[in-house]
Amino acid sequence: MSERLSAAEQIVSRLSVTRETILERTGDLAEAPPAASTLLPAYRQFLAIVEQAPDGLRVEDICRVLNTGMESKHTESPRAKVERMVARGVLVEPGAGLFTLPQPSRMDTTAQRQTG
């Protein structure tokens, strides 16, 4: 069993290196975050809540909207989910514990003005 796990980990490692190499070669390092439709329902729910707050929210605010408890046993699961969303590029964390939608970069905004 451990041999199979080790072999699988090696394959994942090689695929990761290959992916990074392709992204470097194509100049496409800034990947688009996953579409909301590909997220699981709980993640879509969090995304919908954060979309309503342009200045961002803290996990406690999200729990308040969801009407869950405010104790750590109720906030740790949502905190882990929004941290995963940050890791995947769906949300950003501009300040400690503050979560918001990613803002388009200046280059994207300038390009849109020039083409629009």
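So if each residue of separation counts as 0.36 nm, and I subtract the Cα-Cα distance between Thr21 and Thr38, what length gain in nm does that give? Before the final figure, lay out the partial values.
Details: separation 17, 0.36 × 17 = 6.12 nm, distance 2.53 nm.
So the extension gain works out to 3.6 nm.
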*Across the range 69-76, in residue order, what do the Karplus-derived ³J(HN,Hα) couplings come to in whole Hz, using 6.51 cos²θ - 1.76 cosθ + 1.60 with θ = phi - 60° and x for Gly and Pro?*
x, 9, 6, 4, 5, 9, 9, 5
*Quick one: which residues, 5 or more positions from Arg58 or on another chain, have an amide H under 5 Å from its amide H? H modelled 1.01 Å from N in the peptide plane, none for Pro or chain starts.*
Phe99
*Could you tally the net charge around Leu39, taking each other residue with its Cβ under 14 Å from the Cβ of Leu39, Lys/Arg +1 and Asp/Glu -1?*
+3
*Sorted by packing (mean other beta-carbon atoms within 10 Å per residue), highest first, where do 50-58, 77-85, 64-72 land?*
77-85, 50-58, 64-72
*Quickly work out the Ala7-to-Asp61 label distance, labels modelled 7 Å from Cα along the C-beta direction, and quote it in nm with one decimal.*
5.0 nm
*Please label the shape of the range 40-89 as rounded, prolate or oblate, based on the square roots a ≥ b ≥ c of the eigenvalues of the alpha-carbon gyration tensor (a/c under 1.5 means rounded; beyond that, a/b larger than b/c means prolate, else oblate).*
oblate
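Throughout, read-outs are computed from the coordinates displayed, never taken from laboratory work. Just so we're clear, the structure is a prediction, and the values are computed from it rather than from any experiment. Virtual Cβ from ideal backbone geometry, glycine too; neighbours counted across all protein chains shown.
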